[in-house]
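The values are calculated or read from the model by the stated rules, or taken from the named source; none is laboratory data. Model, not experiment: these values are computed from the prediction. All Cβ positions, even for glycine, are placed from backbone atoms using ideal geometry, and neighbour counts span all protein chains on display.
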């Protein structure tokens, strides 16, 4: 028999620290149990379908637009009207649900804050549960913080609109079991936030708004929509109270973007274009196709053909149906010690945000409060109203456009960068930091995912560097040794040796060299977290 507390059928295997009982109340756990009862079997079926779809791609069945849903793509339908506080989303700041960072994000001057339980949050039990406490206090505008140095943080009168991102369908929450099995991390994160905050947010003139990550099909969107319908009824809220923006961050989701929006149409507010995760999905899905051998990732800008087609497609899909098409991340952070480098970084941010605005996006993401003004300026210059729903590109994006291969050089510098940043971020993640500044960029788990997937791809297909050398495991080991020495010199021996580099290196290099491709770095890495 387990000695763990059981609340309404949920076995809580993580410690019930002070404050957690206020989140894991009997009523909240009963609500969660209802979600797990009703939707877990479908989640497992959809995850099994992902495996089946991968086998089909490996056998040569490349993605294409679905013939059985052509009527949706040609239909004249609209999503539900956008709520008033989501009408202007020109700049959204992203970040973890850490207490101090939450306050800074809410006070940043951005229109929205994407409160991230997923990629910018290392999902230790304490981070997940403290995050729920912080979100409860943020929704009620009572969140405050005093640093160990005595600095006080509190909310301003005007704050960003909260849009929460739960973990993806593939993740479990290992600290909570129901009927003998781990529960869905998606439903756990989403359900607790919705249960505790939906009515409070509505009373304050806002609502329960969400970003939904990592979907691969419209059937996965249908599952989310059914969750919303069930949950709203359970709490006595009108259908359509929940609003969701979907991250189109997998190549399969790009082919079903219109259907995904349709499934969520009474709860949708938009779609989002990413970059690293979308590239990561290309490597993952086409891992047995040497024609998709990517060059150094620094060369893969949003102007390359397959990414430009993806952006155009998402914008057209959204605007045809009254939804917002959100742009991607600016990961730069202010460089306070070097004004010239800081000016150059801000100029790069402005140029990228102006590209997004010219393309027709309705808003964009930044990772640091110091970038909000630059993004706002870029969009305000090109977007005179609250959105660009009138922008439709007179082009029909084809499957060939979305699948256009990309070729270019692979360099030693590119290999080093993937090794250095991939391991360094993973070490921070294993230490509980999900948003980690590395070389003046705010990195999240997408960085390690694309880094290790590129290394795996280059090794699998025997790629050659631009100087003619073959990519090999031995090359990786030699370069990694040098990169780790540089990191140790930067950190200092004590900080380096007391960190999580041994585990990070072992996991990252195993996944980079393995014969079979691991679907997600987060799955084995999660097992190393407390």
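Would you please name the residue that is farthest from residue 252 (Cα to Cα), looking only at residues in the stretch 191-203 that are in contact with a helix residue (DSSP H, G or I) (Cβ under 9 Å, 6 or more places away or on another chain) and free of Cβ contacts under 8 Å to residues at least 60 places away in the same chain?
Residues of the stretch 191-203 in contact with a helix residue (DSSP H, G or I) (Cβ under 9 Å, 6 or more places away or on another chain): 191-198, 200-201.
Narrowing further to those that are free of Cβ contacts under 8 Å to residues at least 60 places away in the same chain: 194, 198.
Numbers: 194: 28, 198: 31 Å.
Here the residue is 198.
Can you give me the number of residues within the stretch 13-24 that are out of contact with any helix residue (DSSP H, G or I) (no Cβ under 6 Å at 6 or more places or on another chain), in contact (Cβ under 8 Å) with a residue 12 or more places away in the chain and surrounded by fewer than 20 Cβ atoms within 10 Å (Cβ to Cβ)?
Our first condition is that a residue be out of contact with any helix residue (DSSP H, G or I) (no Cβ under 6 Å at 6 or more places or on another chain); within the stretch 13-24, this holds for 13, 15-18, 21-22, 24.
From the residues that got through so far, the ones that are in contact (Cβ under 8 Å) with a residue 12 or more places away in the chain too are 13, 15, 17, 22, 24.
In the following step, the residues that additionally are surrounded by fewer than 20 Cβ atoms within 10 Å (Cβ to Cβ) were identified as 13, 15, 17, 22.
So the answer is 4.
Here are some conditions: (1) touching a helix residue (DSSP H, G or I) at 6+ places or on another chain (Cβ under 7 Å); (2) buried (at least 21 other Cβ atoms within 10 Å of the Cβ); (3) farther than 19 Å from residue 333 by Cβ. Residue 459 meets all but one. Which one does it not meet?
(2)
Has the stretch 204-219 got at least one residue that is part of a helix (DSSP H, G or I), in contact (Cβ under 8 Å) with a residue 60 or more places away in the chain and either within 24 Å of residue 32 (Cα to Cα) or outside the structural domain of residue 168 (by TED's automatic domain parsing) (or both)? Spell out how you get there, then give the answer.
Narrowing the stretch 204-219 to residues part of a helix (DSSP H, G or I): 218-219.
Within this subset, residues satisfying the condition of being in contact (Cβ under 8 Å) with a residue 60 or more places away in the chain are 218-219.
When the remaining residues are screened for being either within 24 Å of residue 32 (Cα to Cα) or outside the structural domain of residue 168 (by TED's automatic domain parsing) (or both), the result is 218-219.
Yes, the stretch 204-219 contains at least one residue that is part of a helix (DSSP H, G or I), in contact (Cβ under 8 Å) with a residue 60 or more places away in the chain and either within 24 Å of residue 32 (Cα to Cα) or outside the structural domain of residue 168 (by TED's automatic domain parsing) (or both).
When residues of the stretch 439-461 are filtered for being modelled with pLDDT under 95 and over 17 Å from the mean Cα position of the chain (by Cα), how many remain?
2
Kindly provide the set of residues from the stretch 48-65 that are part of a loop (DSSP other than H, G, I, E, B) and in contact with a helix residue (DSSP H, G or I) (Cβ under 7 Å, 6 or more places away or on another chain), ordered by number.
63, 64, 65
Answer yes or no: is there a residue in the stretch 301-324 that is part of a strand (DSSP E or B) and over 23 Å from residue 462 (Cα atoms).
Filtering the stretch 301-324 down to residues part of a strand (DSSP E or B) leaves 324.
Next cut, over 23 Å from residue 462 (Cα atoms) only: 324.
Yes - at least one qualifying residue is present in the stretch 301-324.
Can you tell me which residues in the stretch 78-88 are under 20 Å from residue 207 (Cα atoms) and either free of Cβ contacts under 8 Å to residues at least 40 places away in the same chain or in a loop (DSSP other than H, G, I, E, B) (or both)?
At the first step, the residues of the stretch 78-88 found to be under 20 Å from residue 207 (Cα atoms) are 79-88.
Once the filter is applied, which keeps residues that are under 20 Å from residue 207 (Cα atoms) and either free of Cβ contacts under 8 Å to residues at least 40 places away in the same chain or in a loop (DSSP other than H, G, I, E, B) (or both), the stretch 78-88 yields 79, 80, 81, 82, 83, 87, 88.
Pick out the one residue from 75, 109, 95 that is at pLDDT 95 or above, surrounded by fewer than 22 Cβ atoms within 10 Å (Cβ to Cβ) and under 23 Å from residue 207 (Cα atoms).
Values: 75 fails: under 23 Å from residue 207 (Cα atoms); 95 fails: surrounded by fewer than 22 Cβ atoms within 10 Å (Cβ to Cβ).
The match here is 109.
When you scan the stretch 339-357, do you find a residue that is crowded, with 21+ Cβ neighbours inside 10 Å, in contact with a helix residue (DSSP H, G or I) (Cβ under 6 Å, 6 or more places away or on another chain) and in contact (Cβ under 8 Å) with a residue 40 or more places away in the chain, even just one?
No, the stretch 339-357 contains no residue that is crowded, with 21+ Cβ neighbours inside 10 Å, in contact with a helix residue (DSSP H, G or I) (Cβ under 6 Å, 6 or more places away or on another chain) and in contact (Cβ under 8 Å) with a residue 40 or more places away in the chain.
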